[in-house]
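Here the structure is laid out as structure tokens; the discussion comes afterwards.
The values are calculated or read from the model by the stated rules, or taken from the named source; none is laboratory data. Source: prediction; values computed, not measured. Cβ placement follows ideal geometry from the backbone for every residue including glycine, while neighbour counts extend to all protein chains displayed. The area values use the complete protein model at the heavy-atom level, side chains included, leaving out ligands, DNA and RNA. Shrake-Rupley method; radii C 1.70, N 1.55, O 1.52, S 1.80 Å.
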Amino acid sequence: MIIGIGNASRGDDAAGLIAARLIRDALLSLPDPPDPGRVAVLEQDGEGTALVAAWKGAETVILIDAALSGAAPGSIHRFDALGQPLPAGFRACSTHAFGVAEAIELARALDRLPQRLIVYGIEGLSFSAGEVPSEAVEAAVRAVVERVLADVR
């Protein structure tokens with residue numbers, strides 16, 4: 001399962017949503033596309049309880065979200081979230097009081113994590129309402145899409 005997270009109206013926050021759409025389109029264009037039941041591609045706004053509900057029963061989950069850790073815009077972060085919590089710098093960029101990092105920790109405490117949980121964070125620059133994603137983030141989204149597609153194939 002692949003879950004792109006974000007808000008399409010807030011600049012670089014749309015990174016995860018854009019990635020999910022590109023991944024879905026790429027999978028559907030394959031001569032022999034994977035079974036949607038095996039590789040589901042979802043879009044979410046990052047609300048934590050909805051994330052935990054969405055990945056229920058999935059063996060492997062890949063989350064893609066914008067990040068704001070202080071790294072250069074367009075930087076790509078990849079975490080194996082099964083073994084350890086997300087770094088503290090990745091907890092502050094959510095617009096939700098209960099976001100991705102909190103959802104992972106709740107699921108860990110409740111023993112509801114998938115067997116494999118990878119989190120891609122795409123470092124953003126601007127999250128203002130009404131803006132479009134920056135060029136740096138658009139380039140990073142394409143790179144993350146290629147990495148995820150390589151994992152899925």
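Below 14 angstrom from the Cβ of Ala72, what's the summed charge of the other residues (Lys, Arg +1; Asp, Glu -1)?
-3
Can you bin every Cα-Cα distance in region 1-53 into 5 Å intervals starting at zero and give me the percent of pairs per bin, rounded to whole numbers?
5, 21, 26, 21, 16, 9, 3, 0
Run the quick spin-label model on Ala150 and Leu82: label points 7 Å from Cα toward the beta carbon, then report their separation in nm to one decimal.
Those two pseudo-labels are separated by 2.0 nm.
Per the 1.4 Å probe, what fraction of the accessible area of the chain, in percent, lies on carbon and sulfur atoms?
Heavy-atom surface of the chain belonging to carbon and sulfur, 1.4 Å probe: 52 percent.
222 nm [θ] for the chain, helices only, -39500 (n - 2.57) per DSSP H run of 4+, per residue, to 500?
The helix-only estimate for the chain comes to -10000 deg cm²/dmol at 222 nm.
Which of Phe127, Val144, Ile104 sits farthest toward the positive end of the charge dipole of region 57-153, with +1 on the Cβ of Lys and Arg and -1 on the Cβ of Asp and Glu?
Sorting the options by dipole projection puts first Ile104.
Using unit Cβ charges (K, R positive; D, E negative) and no other charged atoms, how large, in debye to the nearest 20, is the dipole of the chain about its Cα centre?
About 300 debye.
Can you compute 3J(HN,Hα) from phi for each residue in region 62-79, using the Karplus curve 6.51 cos²θ - 1.76 cosθ + 1.60 with θ = phi - 60°, rounded to whole Hz and x for Gly and Pro?
These are the phi-based 3J(HN,Hα) values: 10, 9, 10, 8, 6, 9, 9, 9, x, 6, 4, x, x, 5, 10, 10, 10, 10 Hz.
Could you check the spin-label model distance between Glu135 and Leu28? Points 7 Å from the Cα along Cα→Cβ, value in nm.
Calculated label separation equals 3.0 nm.
How big is the gap, in Å, between the Cα center of region 38-58 and the Cα center of region 101-138?
The two parts, judged by their Cα centres, are 12 Å apart.
For the peptides 7-17, 73-83, what is the packing order when you average, over each peptide's residues, the other Cβ atoms within 10 Å and list the highest mean first? Please report the intermediate quantities before stating the final value.
On the way: 7-17: 22.5, 73-83: 15.8.
Order by mean packing, descending: 7-17, 73-83.
How big is the antiparallel share of DSSP beta bridges in the chain, given as a percent to the nearest 5?
Taking every DSSP beta bridge with both residues in the chain, the antiparallel ones total about 25 percent.
In Å², and per residue, what accessible area does the chain have when probed at 1.4 Å with the other protein chains present?
The answer is 49 Å² per residue.
Binning at 10 Å from 0, report for the chain what percent of all alpha-carbon pair distances ends up in each bin.
12, 45, 35, 8, 0
Quick one: compute the contact order of the chain, relative version, from alpha carbon pairs under 8 angstrom and 6+ residues apart, as a percent.
35
Full extension from Ala72 to Thr49: what is 0.36 nm times the residue separation minus their Cα-Cα distance, to one decimal in nm?
Full-extension gain reported as 5.3 nm.
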